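S.K.: The following block contains the structure, expressed as structure tokens.
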Amino acid sequence: MEYLETVLTQAELGEVDGCDLGSRVTNPKEYVMNIFCVVTDENRSIALIKKVLRESRLDYTRIQIATMPYGTEGSYTLKYASKKGVTEFSL
């Protein structure tokens, strides 16, 4: 995650606020990696995160990316889920 943080910061797209790895709420036998980012441009940031994960040979098929707009105080919103049909997200 440190490398991902560096890449996002250098691209001036935001920062990684945190991540966790655990089982899905809907299916406890499946694992997922949640990535939380504060971003300036959601579409470009998500594309860059996916690219970095692929190039780092990490399992990007189990990720969920939640973002919050930079400069706001709010909550994270799920913006990308590798598994089709996933629309719910919780911390």
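S.K.: Excluding residues on the same chain fewer than 8 positions from residue 50, give the lysines whose Cα lies under 17 Å from its Cα.
M.R.: 79, 83, 84
S.K.: Moving on to the next point. Please give the net charge around residue 33, taking every other residue with its beta carbon less than 9 angstrom from that of residue 33, where Lys and Arg add +1 and Asp and Glu add -1.
M.R.: Working: positive: 62; negative: 20, 59.
Result for the local shell: -1.
S.K.: Which three semi-axes in whole Å describe the equivalent ellipsoid of the chain, each the square root of 5 times a Cα gyration tensor eigenvalue, listed largest first? The partial results should precede the final answer.
M.R.: Numbers: eigenvalues 85, 49, 22 Å².
Those come to 21, 16, 11 Å.
S.K.: Still on this structure, I have one more. By DSSP, what percent of the beta bridges with both residues in the chain are antiparallel, rounded to the nearest 5?
M.R.: Details: 13 of 20 bridges.
Percentage antiparallel, nearest 5: 65.
S.K.: Treat each spin label as a single point 7 Å out from the Cα along the C-beta direction, and report the residue 55 to residue 15 distance in nm.
M.R.: Here the modelled spin labels are 2.2 nm apart.
S.K.: Stretch residue 2-residue 72 to full length: gain in nm at 0.36 nm per residue minus the Cα-Cα span?
M.R.: 22.9 nm
Bear in mind that the values in this text are calculations on the coordinates, not laboratory data. The model shown is predicted, which means the values in this text are computed figures rather than measured ones. A quick note on method: Cβ atoms are made from the backbone with ideal geometry, for glycine too, and the neighbour counts reach across all protein chains shown.
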